[in-house]
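Take a look at the structure below.
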Amino acid sequence: MAKDIFTITDADVGNLTEVIKKQQQVPMAAQSTFCDIWPQAKTALELLNTFIVTIPGTGFFAKAAIGIVIAAGDAASNAVCK
């Protein structure tokens, strides 16, 4: 399983959060939209990640990619959402 080989730690998310915080300010409209949508998007991605491994030939890589998107989304949320 991808989870056994590819792991994103809380420290990884924390480090990415700090990098995002140091970047130029995100436009307010984009920030607001992201912050409103991210919780639902994360829930959908987590659900997809529970059964993506059942798709022959793509499950392993898709699971890792979805994990990266979730970690990046969490970091962005921690950095720009209040």
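The values are calculated or read from the model by the stated rules, or taken from the named source; none is laboratory data. Source: prediction; values computed, not measured. Cβ coordinates were reconstructed from backbone atoms using ideal geometry, including for glycine residues, and neighbour counts include every protein chain displayed.
Taken together, 20, 8 contain a single residue that is modelled with pLDDT under 85, surrounded by 13 or more Cβ atoms within 10 Å (Cβ to Cβ) and not in a helix (DSSP H, G or I), which is 8. Scanning the range 32-55 for residues that are hydrophobic (A, V, I, L, M, F, W, C) and in a helix (DSSP H, G or I) yields 34, 35, 37, 38, 41, 44, 45, 47, 48, 51, 52, 53. Cβ-Cβ distances below 9 Å connect the following pairs, each with a first residue in the range 13-25 that is on the phi < 0 side of the Ramachandran plot, a second residue that is acidic (Asp, Glu), and a separation of six or more residues or different chains: 13/74; 16/74; 17/74. Taking the range 26-69 as the range and being in contact (Cβ under 8 Å) with a residue 60 or more places away in the chain and β-branched (Val, Ile, Thr) as the test, only 68 passes.
Kindly evaluate residue 66 against the criterion of being under 14 Å from residue 8 (Cβ atoms) and among the β-branched types (Val, Ile, Thr).
Values: under 14 Å from residue 8 (Cβ atoms): yes; among the β-branched types (Val, Ile, Thr): yes.
The answer is yes for residue 66.
Take the conditions aliphatic (A, V, I, L, M), in contact with a Ser or Thr (Cβ under 6 Å, 6 or more places away or on another chain) and surrounded by 14 or more Cβ atoms within 10 Å (Cβ to Cβ) and apply them to residue 79. Does it pass? In short, yes.
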